[in-house]
Amino acid sequence: MKSKSMQCKNPVHRQMISDRSAISSTIDVMVFLLMISLSAVVLMPVMLSSGHNEALQDVAAYRYDGQLLQSLLDSRVEGFEYTIMPSAFTATIIIPAESTMHLYKYNNIFAKEHTSRTFADLIAEGMLFSLRTEANGKYYYLHSFSAGYSQAIENALEEHLNRRIGGRYNYKLEANWQPVPGCGPSGQISVGAVPPGRSFRQSALISVPYGHSVSLADISSPADDLKFELAVNSSNKEYELRSMFEECIYFAASNASASIVEMYFPEDSLQKISTGHINFVSMGASLMGMPSGGTVIGKAIATDILINAANLTGNMCLNSTNITMLTEANVNLAASRIQEKHTNDVYSYISDAMSEEINDTIQVMMQTDDLITLLELRDKQLYSIYMHVQPPAAEVTLVIW
C-alpha cells in the first residue's frame, strides 16, 4: 500500500517541477529592468550635462560678444571713402580716403582726417553726420551730404563684422546719440538683423567730437544772486521763482539749439558766399580737387545747404522769393527760423520733463527763508536744467545670437 501511495504522488510532483512558466516571466521582468538601468546609466550623463553645456556656450558667446565689440572699436579702418550727392550736382563726387573733409574752414564737422582712423572714430563722427529729424513718418538729414556718409559707414561696419564673425553668429550693431537727450535730432547707425529674445548684448560708450556745449553760467544768468534775492523776497514769491526757472530753461534750449544749427547751417560762411567774399577755389580744393569753376561749385554747395535747412523747417517761406536764391536775406531768415524751431522743441520738452521736479523745488523754497538753503536749492535746480542739455556719450551696442 505504501509503495502504491508513493506512486500516486510522484506524477503530481513531477508535473509541478516541470511547469516553468512563472520562472520565465520573472526572468523577463528582470531583464527588462536591467535594460532600463543600463539605459539610465548611459543617458544620464548626457541629460545632466546638456544644461551645463548650454550654460558654457552662453558664457562663451557673452565673452566673445564683449571681446568682439572692443576689438571692433579699436580696429583700424582701411580705405574708407564715400560718395556725396547734393541735389545741386548732377555727377557723383568721390572723396578719396587720404583727403580731408573740409567743406568750409569754419565748419568743424567736415574738417576731419580719414587716414589711420579706428571704427570708434568713424562711429563717433557718424553720429554727427547721421543727425536727422522725423516729420510725418519720414526722416530728414540735417546735413545735405549725410545720406552717403552714413551708408558708407554702415557698409564698412558690415564688411568688417562679416569678416570677423565668419558665419558663426548672427549680429546686430547699433549706435545712438542725441545732442539734447530725449529731444530733437538724433544720430543712428544700424547694421545687421533684428535680434531674437534670446541673445547676448554688450554696450560701450564713445565720445562724440561735438565742438559745442552749453555753459552752466549762460543758462544761470536769469537766476543770478541779485535776481534770485528779488524773487525770494517778492510778495508773489512762488510765481517769480517759477518764472525764473522757466527763463533758465528757455536760455538752455536757445543755447542748445544754436549749437545744433551751427553744425549743419554755417551761416557766416553762407553769407560770405552769397556776397562773394570767400575764396571758392581754396574752399573747394580739399573737397573735390582744384575745380576750374570754383565759384559755381561753391555757390551750388551753399544753395544745397540752404534748401536742405529750409526743408527741415517745413514749408518755410523766405521773403516770398525763390528759395534757391542765395541771398543774405534768405540765409539770415533760414538761420533764424531753424534755430527758432529747435529752441521751441527743446524748451517744450524740458519744461514738460522737469515740471514736477521744479514744482517740488519751489514748494520746498516756499517753506524756508534761510538764504543759504535757498541758494543750495537754486544751484541744484540750475544744475539739473544744465544736465538736460548736456550732450552725452554715444552708446554702441553689439548683439549676437
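We did not get these values from a lab; they are worked out from the coordinates using the rules stated. Fair warning: this is a prediction, and the values are worked out from it, not measured in the lab. All Cβ positions, glycine included, derive from the backbone under ideal geometry; neighbour counts span all protein chains shown.
Observations, loosely collected:
- Where a label projected 7 Å from the Cα of Leu216 along Cα→Cβ would reach, residues of region 365-401 with amide N under 14 Å: 376-390
- The peptide list 254-265, 205-216, put in order of mean Cβ contacts within 10 Å with the highest first, becomes 254-265, 205-216.
- Between Glu159 and Glu328, the FRET efficiency from the beta-carbon distance, with R0 = 41 Å, is close to 0.35.
- Legend: calculated FRET efficiency, Asp352 to Lys138, from the Cβ-Cβ distance at R0 = 25 Å, rounded to 0.05, equals 0.55.
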